[in-house]
Ligand code: SF4
């Protein structure tokens with residue numbers, strides 16, 4: 001057996017892609033290893049959404065130069081978003097690199113690795129496909145490694161947000177056929193998975209580019225009936241595609257968790273226009289209002305960019321105001337950095353000084369800490385339903401679970417309960433997590 005080492009950067013979609021990479025390469029008898037030094041094949045699955053992505057890739061490759069010098073038969077490859085963006089340039093700058101594959105080419109990786117092993121061959125494969133079959137699991141049998149599973153339902157994005165590189169590196173929207181998704185989720189549930197996280201760059205526009213396909217809410221409705229499944233989540237979504245039908249799904253589908261990640265990016269209409277987000281603040285807020293009417297108590301999380309080109313102090317203050325107004329449960333905040341090929345990089349000077357970006361980012365994060373802490377403290381004494389996912393990072397025999405609203409809860413309990421949906425009483429709260437006590441067996445029923 002040969003050994004495969006994969007290093008993954010970026011989001012859940014990339015983690016999921018790395019699992020697929022490992023399955024495709026089983027066809028060539030590669031087994032995964034955690035140690036690059038003992039690998040016969042090293043693959044770097046990259047992300048280019050944030051600043052310094054390219055430097056991170058080149059420095060990782062630099063660390064493996066010595067390994068390649070010692071073992072000429074070692075194959076080193078780069079895939080994912082930076083591979084899609086840089087292409088042949090990677091081969092030019094890294095003479096010992098053997099292979100470059102883009103985001104749509106995982107299904108062909110066994111052929112590409114075979115080609116890379118041949119003398120003098122350094123394949124580069126960057127094609128985009130509109131036929132969704134490239135997303136299908138190579139072995140037709142999804143991997144199960146715990147009570148939760150990722151399921152890719154679509155890839156790519158047809159929006160044109162001016163800061164975002166995704167449409168250039170992931171291509172146009174392509175949705176998998178709903179019958180394939182439903183049968184995959186059914187199989188996952190049959191094999192013990194309790195929660196699925198549906199993945200896509202713009203997941204709630206699922207089906208829009210496939211004639212006759214279910215809508216996203218329609219797909220959720222079908223998945224809601226699958227026996228054995230306890231929870232459905234999805235990420236990430238765009239406010240424009242938060243349809244009335246999807247809002248209604250939160251009110252009617254019992255497996256759909258009461259949590260929505262809805263990136264707002266900025267609290268200023270002027271900045272949103274420059275970002276080309278396609279909505280204004282009042283539209284965003286009215287959708288949230290409708291959602292909260294139909295699903296009271298729903299948890300919301302969001303993405304924020306500070307220091308977008310031209311962002312004035314007043315425009316930044318509007319972002320602080322939106323955080324206070326919506327009271328998100330969680331945010332993911334970043335400083336703007338121009339990404340190659342994007343409209344913002346081409347037409348706007350990156351004119352907010354880095355120390356101003358840094359201060360704004362700290363202010364946003366500090367404010368959110370206060371809001372999250374307040375929201376978590378309100379849970380003290382409440383009974384919550386959690387899915388126990390595995391050992392807690394806190395150690396000491398604790399288990400980690402999540403509420404339906406996506407809050408982390410650490411509890412003492414036997415490992416045998418992993419995979420159970422169970423009632424807990426909340427006994428402690430910090431800004432980032434909760435502590436709980438398992439309810440006694442006779443109490444769990446009422447949780
Ligand atoms: S909707 Fe999301 S993925 Fe698509 S361009 Fe905008 S930020 Fe990028």
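The values are calculated or read from the model by the stated rules, or taken from the named source; none is laboratory data. All values reported here derive from a predicted model rather than from experimental measurement. With ideal geometry, Cβ positions are generated from the backbone for all residues, glycine too; neighbour counts draw on all protein chains shown.
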Open item on the list: For the range 140-153, check the following and say yes or no: at least one residue is over 20 Å from residue 82 (Cβ atoms) and within 16 Å of the ligand (Cβ to nearest atom).
Closed with: yes
Open item on the list: Condition first: at pLDDT 95 or above and on the phi > 0 side of the Ramachandran plot. Now tell me which residues in the range 51-79 satisfy that.
Closed with: none
Open item on the list: Please go through the range 94-121 and give me each residue that is assigned to a loop (DSSP other than H, G, I, E, B) and farther than 17 Å from residue 69 by Cα, ordered by number.
Closed with: 102, 103, 104, 105, 118, 121
Task: Which listed residue, of 61, 44, is under 19 Å from residue 106 (Cα atoms), touching a residue at least 24 places away in the same chain (Cβ under 8 Å) and touching a strand residue (DSSP E or B) at 6+ places or on another chain (Cβ under 8 Å) - done: 44
Task: Given (1) surrounded by fewer than 16 Cβ atoms within 10 Å (Cβ to Cβ); (2) over 24 Å from the mean Cα position of the chain (by Cα), index of the condition residue 40 fails - done: (1)
TODO: Among what's in the range 165-182 and is in a loop (DSSP other than H, G, I, E, B) and surrounded by 22 or more Cβ atoms within 10 Å (Cβ to Cβ), pick the residue that is farthest from the ligand (Cβ to nearest atom).
DONE: 176
TODO: Test residue 105 against the criterion of being surrounded by fewer than 18 Cβ atoms within 10 Å (Cβ to Cβ), touching a residue at least 24 places away in the same chain (Cβ under 8 Å) and on the phi < 0 side of the Ramachandran plot, and give yes or no.
DONE: no
Task: Test: residue 88 is touching a strand residue (DSSP E or B) at 6+ places or on another chain (Cβ under 6 Å), farther than 21 Å from residue 18 by Cβ and not assigned by TED's automatic domain parsing to the domain that holds residue 164 - done: yes
Task: Where residue 339 falls short, out of the listed (1) under 30 Å from residue 89 (Cα atoms); (2) modelled with pLDDT of 95 or more; (3) buried (at least 16 other Cβ atoms within 10 Å of the Cβ) - done: (2)
- [ ] Return a yes/no flag: does the range 154-163 have any residue that is in contact with a helix residue (DSSP H, G or I) (Cβ under 7 Å, 6 or more places away or on another chain), modelled with pLDDT of 95 or more and away from the ligand (no atom under 16 Å from the Cβ).
- [x] no
